[in-house]
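Here the structure is laid out as structure tokens; the discussion comes afterwards.
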Amino acid sequence: MQPVKKTTALRGAKLRADARRSFRRHWQFYLLIIPPVLFFIIFKYVPMLNAVIAFKDYSIVKGIWGSPWAGFKHFRLFFDNPVFWVLIRNTLIISLYHLVVAFPIPILLALGLNEIRSGFFKRAVQLVTYAPYFISTVVMVSIIMLLTSPRLGILNILMQNMGMEPVNFLGDPGIFRSVYVWSDVWQTAGYSAVIYMAALAGVDPALYEAAR
């Protein structure tokens, strides 16, 4: 046992010496990575500890950690809720709908932009499709509500002028799914397309010539 312990201690001492040597040699690099590491620890990992709120009877006075434990009480209430399966079904439908629609559109947009040779038209399309990404979710929801309002929404006003009946876009469950998914596509497709275009830019032109 003694030789094994001695070997382990020597290995540990060597590792610590190598670490100190590496820190002295590359201290600028370690200094550079401190801010992003602190960012992830403070704003990403520490808040995850507050997930215990799901197992507590939360009191705003006592705080999360001072509130009494409730075990699986809230989970049982959720599972026993009459609309539990409706919520699960709607979540799955919207998730699948979003996956089918939102996944291919940025790829197709990136492929189309990659084939455009007119610099001005390409930049204009990129600007129009990329700009909504910088609009906050609150503003985006406000825009959608103004567009789809049953009485004052622009879409319903146009429909009434054409002799059609107004539609409650946000009140009809079937229509709301489409509004939810396509508004997200409108906001994020341009940004995702830029990422795909960056990947396409790294493809060797010789591969395109070989494909032709």
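The values are calculated or read from the model by the stated rules, or taken from the named source; none is laboratory data. None of the values given here were measured: they were computed from a predicted structure. In this analysis, Cβ positions are derived from the backbone assuming ideal geometry, glycine residues included, and neighbour counts consider all displayed protein chains. Accessible surface areas use protein heavy atoms only, side chains included; no ligands, DNA or RNA. Shrake-Rupley method; radii C 1.70, N 1.55, O 1.52, S 1.80 Å.
Here are the numbers:
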quantity	calculated
Calculated from backbone phi, Karplus (6.51, -1.76, 1.60) coupling profile of the stretch 158-172 in Hz, x at Gly/Pro	5, 5, 5, 5, 8, x, 9, 7, x, 10, 8, 4, 8, x, 8
Accessible solvent surface per residue of the chain, calculated while the other protein chains remain in place, 1.4 angstrom probe, Å²	77 Å²
Phi to ³J(HN,Hα) by Karplus 6.51 cos²θ - 1.76 cosθ + 1.60 over the stretch 134-144, Hz, x for Gly, Pro	8, 7, 5, 4, 4, 5, 4, 5, 4, 4, 5
For K56, residues with placed amide H under 5 Å, excluding near neighbours	A70
FRET efficiency estimate (nearest 0.05) - Cβ-Cβ, A19 to A124, R0 45 angstrom	0.25
Spacing of the two label points (7 Å from each Cα toward its C-beta) at F134 and I175, in nm	3.3 nm
Sum of -39500 (n - 2.57) over DSSP H runs of 4+, divided by residues of the chain (222 nm, nearest 500)	-22500 deg cm²/dmol
For the chain, Kirkwood radius (reciprocal of mean inverse C-alpha pair distance, Å)	24.1 Å
Equivalent ellipsoid, the stretch 146-192 (semi-axes from 5 times Cα gyration tensor eigenvalues, Å)	23, 12, 8
Packing-based order for 159-167, 187-195, using average beta carbon neighbours within 10 Å, highest first	187-195, 159-167
Length added when fully stretched, L108-V203, from 0.36 nm per residue minus Cα-Cα	32.5 nm
Global form of the stretch 49-114, assessed from the alpha-carbon gyration tensor, a/c cut-off 1.5	oblate
Cα-based convex hull volume of the stretch 95-212 per residue, rounded to whole Å³	155 Å³
Per-residue ³J(HN,Hα) for the stretch 108-113, Karplus 6.51 cos²θ - 1.76 cosθ + 1.60, θ = phi - 60°, Hz, x for Gly and Pro	5, 5, 5, 5, x, 5
